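Colleague: Have a look at this one before I ask anything.
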Amino acid sequence: MTKAEAKNRIEKLKKEINKYRYAYHVLDKELISPEALDSLKKELFNLEYEFPEFLTPDSPTQRVEGKPLKSFKKVSHERPMISFDDAFSEEDMSSWFSRLENFLGRKVENSGKNFATFYCELKIDGLAIELVYEKGVLVQGSTRGNGTVGEDVTQNLRTIEAIPLNLLPPEEAALNLKKMGVDPRKYNLKPDHLVVRGEAFLTKNEFERINKEQAKKGEKIYANPRNIAAGSIRQLDPKITASRKLDSFQYALFTDLGQEFHEEEHLILKALGFKTNPHNKGVNSLKKVFEFRDYWADHRGEIPYEIDGTVVIINDNELFERAGVAGKAPRGAIAYKFSPKEATTRILDIKVQVGRTGVLTPVAEMEPVVVGGVTISHATLHNEDEVKRLDVRVGDTVIVSRAGDVIPQITSVLKDLRTGNERPFRMPSLCPVDGGRVVKEGALSKCSNANCGAKHKESLYHFVSRAAFDIRGLGPKIIDRFLDEGLISDAADIFELKEGDIEVLQRFGEKSAENLMKEVNEKKKISLPRFLYALGILHIGEETAIVLSHEISNFKFQISKPGDVLRAFSKMSLDDLQNISDIGPIVAKSVHDWFRSEKNIKFLEKLEKSGVEIEKIKPSEKNKKFRGQTFVLTGTLSSMSREEAKDILRAVGGEISESVSSKTSYVVAGDNPGSKLDKAKKLGIKILNEGELKKLIGRK
Ligand SMILES: [Zn+2]
């Protein structure tokens, strides 16, 4: 490649990469895959390496540049970066507005002008930043600092892909404005010097990802996305900043480009290639301001970043300037915030939850408390070091917040409220699931039994499966999420979850928390055979569970609660169990031992406490017309599930078997039957299709 060709190619690549970056990070449109974009970047990087004379600081390969700093330089802001006063209620807002009108000595309304009276914005929980562009190129980025003097964090802000390293060319900016229905001729779109302000922030997903990594490394858990955003931007090594995928909106223009209203600043910023928030809007009355705030208080969970309220600004810049500053905040703007997302509650217990990989996580059980509109009762404490760092003890009063809008976190302990009876947490030396030895792996505590996590997970899947508690919508994927979030330590915990605990699911496109809670509550009532099967006792399949159910009912035990089951089986000796027909010595021993294990007894007590009820077996069920007949099902039925068919057959006295033998009475064959059908044919067993089955059991 000649020098001229290289130069040409480099220019083209820079433009192309920048186009895709802009689409993806500013407009939220993925025009090509991230992999394809990376390979373009790689080509550019290689060319620039070969022809260093064409390397410029605004190249997309130069976002992460420079060596770690010893300290940050100080930057004086051209105009102080001031923060706004807060309002929490409509009364606060009304009195702010009447104070403003009194001060100005006139009504504030823009009727008849192109722009509305108020400009309402989402208040993002991030870090305020200022960007300076010279001749269209980003030359400086700084933090707010004390408002007058901030820190030069240019290196770090350059790593944020939503921040342009160059402004869009004036022709393109003009075209953008036209597309927004705005006449571009009014504005200077080629400023020599440009100062803009905005917010750098972290998305909720990125917040969780980083906290999980921190927990794994035994490092500090951040209380909210703002803490990480601030911590990331104030990193002396830009590589660390780049590893945390920060995002950024710009919301103010401090250079006069011809704007008269605040809203125009947003339009110009957008036209020049900055990312602006599409949800912001102008409104003409306080009533509409309230509606905007209330709407976002309800819908904040649906956007990928954390907001803690709205910002309301007098749209007319001249009026805004004239109103001036009172104390430290401008009179012409106010932060109208949501109700606080923190509350205090008490720690009832700190339990250890065993995760999918056998990692033991301490989880706080709290007195249920409403935070940000939903009830929560659990909060993960991540690891033993985090418990020590917080010094949280059972009985403590704590401050709990819903960081990232979803995951409840204990942010501090109110130690002055201690009575002396609080109990410190100690990581057990034996695994609560299988008694395996607990070993430390860095900050993590792990069960030494390699299969522990997987087995534990399987037992939870089993508990909620179709033939057991049959909790629809609580499949393996969600159980995994619950385990990852430390929300459940055993199956009984499922019944103790609160809606706010599981809101985390909503962001993963799962069944709504509300629907799932409804389903869980409905399934608290269960038949005895299903209940016994759900316990996951070794060798107890669906059929054996039915045999055992009839047996303990025959023993004249009144069974309506998990504790009754425990009492029934603890009264039966090994001999009693072995004497039951169809129960062999191995099964008898398994059942006998299960009901005598301390851990299982506690589990049954916990199930009873959480409100699980067992339906009475109807005596008539034992004398149905198919008593003694054995059915085998194969293939798919169209009008009912296989579990449903089994339930119906059992209700009329039939027994279900999984394999065909000479003892089989009927084989029910649906669509795509397996080898069972062939075997039945060979053995000459009566075969029923779905229609014949329905006829047989008296169904239409
Ligand atoms: Zn274990």
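Read-outs: derived from the displayed coordinates by stated rules, not from any lab. Every value quoted in this text rests on a predicted model; they were computed, and no experiment measured them. Cβ atoms come from the backbone with ideal geometry, glycine included; neighbour counts cover every protein chain shown.
Colleague: Residue separation times 0.36 nm, minus the C-alpha to C-alpha distance between residue 175 and residue 62: what's the value?
Modeller: Values: separation 113, 0.36 × 113 = 40.68 nm, distance 2.82 nm.
The span from residue 175 to residue 62 would gain 37.9 nm if fully extended.
Colleague: Under 16 Å Cα to Cα from residue 281, which lysines show up? Leave out anything in the same chain fewer than 8 places away.
Modeller: 113, 123, 270
Colleague: Tell me, what is a quarter of the convex hull surface for the C-alpha atoms of region 77-120, in nm² with one decimal?
Modeller: Numbers: hull surface 19.1 nm².
For region 77-120, averaging the hull's shadow over all directions gives 4.8 nm².
Colleague: Rounded to the nearest whole Å³, what is the per residue volume of the convex hull around the Cα atoms of region 340-523? It would help to have the intermediate numbers written out before the result.
Modeller: On the way: hull volume 21.2 nm³, N = 184.
Spread over its residues, the Cα hull of region 340-523 gives 115 Å³ apiece.
Colleague: Gap in Å between the Cα centre of region 641-695 and the Cα centre of region 442-507?
Modeller: Centre-to-centre (Cα) distance: 34 Å.
Colleague: Sticking with this one: Filter 135/275; 190/328; 73/239; 14/190; 204/239; 186/245 down to the pairs with a C-alpha to C-alpha distance above 26 Å, please. Walk me through the numbers before you get to the answer.
Modeller: Working: 135/275 19 Å; 190/328 33 Å; 73/239 18 Å; 14/190 20 Å; 204/239 21 Å; 186/245 36 Å.
190/328; 186/245, as the Cα separations exceed 26 Å there.
Colleague: Among the lysines, which have Cα under 24 Å from the Cα of residue 518 when same-chain residues fewer than 8 positions away are ignored?
Modeller: Filter leaves 457, 477, 498, 561, 606, 609, 616.
Colleague: Report the Cys residues of the chain lacking a disulfide-compatible partner, meaning no second Cys Cβ under 4.7 Å from their Cβ.
Modeller: 120
Colleague: Under the Karplus relation 6.51 cos²θ - 1.76 cosθ + 1.60, θ = phi - 60°, what is the ordered set of whole-Hz ³J(HN,Hα) values for region 276-283, x standing for Gly and Pro?
Modeller: Computed from phi, the couplings for region 276-283 are 10, 7, x, 7, 5, 7, x, 9 Hz.
Colleague: Per the Kirkwood definition applied to all pairs of different Cα atoms, how many angstroms is the hydrodynamic radius of region 226-380?
Modeller: On the way: mean 1/r = 0.0510 Å⁻¹.
When all Cα pairs of region 226-380 are included, the Kirkwood radius is 19.6 Å.
Colleague: May I pose another question? For residue 134 paired with residue 462, estimate the spin-label separation in nm (one decimal), with each label point 7 Å from Cα along the Cα-to-Cβ line.
Modeller: Each label point is offset 7 Å from its Cα along the Cβ direction, giving 7.1 nm.
Colleague: Another question, if that's okay. Which of the lysines could be linked to residue 676 by a straight reach, that is with a Cα gap under 16 Å, when you skip same-chain ones fewer than 8 residues away?
Modeller: Correct list for residue 676: 663, 686.
Colleague: How high is the FRET efficiency between residue 104 and residue 1 when r is their beta carbon distance and R₀ equals 60 Å, given to the nearest 0.05?
Modeller: Values: r = 65 Å, r/R0 = 1.08.
The pair residue 104/residue 1 has a calculated efficiency of 0.40.
Colleague: So what are the three principal axis dimensions of region 541-700 from its Cα atoms, in whole Å, longest to shortest?
Modeller: Here the Cα extents, ordered largest to smallest, are 48, 32, 27 Å.
Colleague: Further, regarding this structure: Apply 1/(1 + (r/R0)^6) to the Cβ-Cβ distance of residue 31 and residue 593, taking R0 = 41 Å, and write down the FRET efficiency to the nearest 0.05. Write down the numbers at each step before the final one.
Modeller: Numbers: r = 62 Å, r/R0 = 1.52.
In this case the efficiency is close to 0.05.
Colleague: Any chance you could run the full-extension gain for residue 285 through residue 518? It's 0.36 nm times the residue separation minus the Cα-Cα distance, nm to one decimal. Let's see the in-between values first.
Modeller: On the way: separation 233, 0.36 × 233 = 83.88 nm, distance 4.02 nm.
Extra length from residue 285 to residue 518 when fully extended: 79.9 nm.
Colleague: Just rank 528, 37, fewest to most, by other beta-carbon atoms within 10 angstrom.
Modeller: Fewest-to-most ranking of 528, 37: 37, 528.
Colleague: I would also like to ask the following. Once the Cα atoms of helix 542-554 and of the chain are each reduced to a long axis, what angle between those two axes, in degrees from 0 to 90 to the nearest 10, is obtained?
Modeller: 60 degrees
Colleague: For 180, 517, what ranking results if the residue with the fewest other Cβ atoms within 10 Å of its Cβ goes first?
Modeller: Values: 180 11, 517 16.
Going from sparsest to densest Cβ surroundings: 180, 517.
Colleague: What fraction of the Cα pairs in the chain, stated in percent, has a spacing above 51 angstrom?
Modeller: On the way: 79820 of 244650 pairs.
Beyond 51 Å sits 33 percent of the P(r) for the chain.
Colleague: While we're on this one: Arrange the following residues from fewest to most other Cβ atoms within 10 Å of their Cβ: 187, 533. Could you put the intermediate results ahead of the total?
Modeller: Values: 187 22, 533 26.
The order, fewest Cβ neighbours first, is 187, 533.
Colleague: In addition: Using the beta-carbon distance between residue 651 and residue 538 and R0 = 30 Å, what value does 1/(1 + (r/R0)^6) give for FRET efficiency, to the nearest 0.05?
Modeller: Details: r = 27 Å, r/R0 = 0.91.
Calculated transfer efficiency: 0.65.
Colleague: Remind me, what semi-axes does region 86-337 give for its equivalent ellipsoid, largest first in whole Å, using sqrt of 5 times each Cα gyration tensor eigenvalue?
Modeller: The answer is 30, 24, 16 Å, longest axis first.
Colleague: Shifting gears a bit: Would you calculate the volume per residue, in Å³, of the smallest convex hull containing every Cα atom of region 3-62? Each step should come with its number before you reach the end.
Modeller: Numbers: hull volume 4.1 nm³, N = 60.
It comes to 69 Å³ per residue, whole-number rounded.
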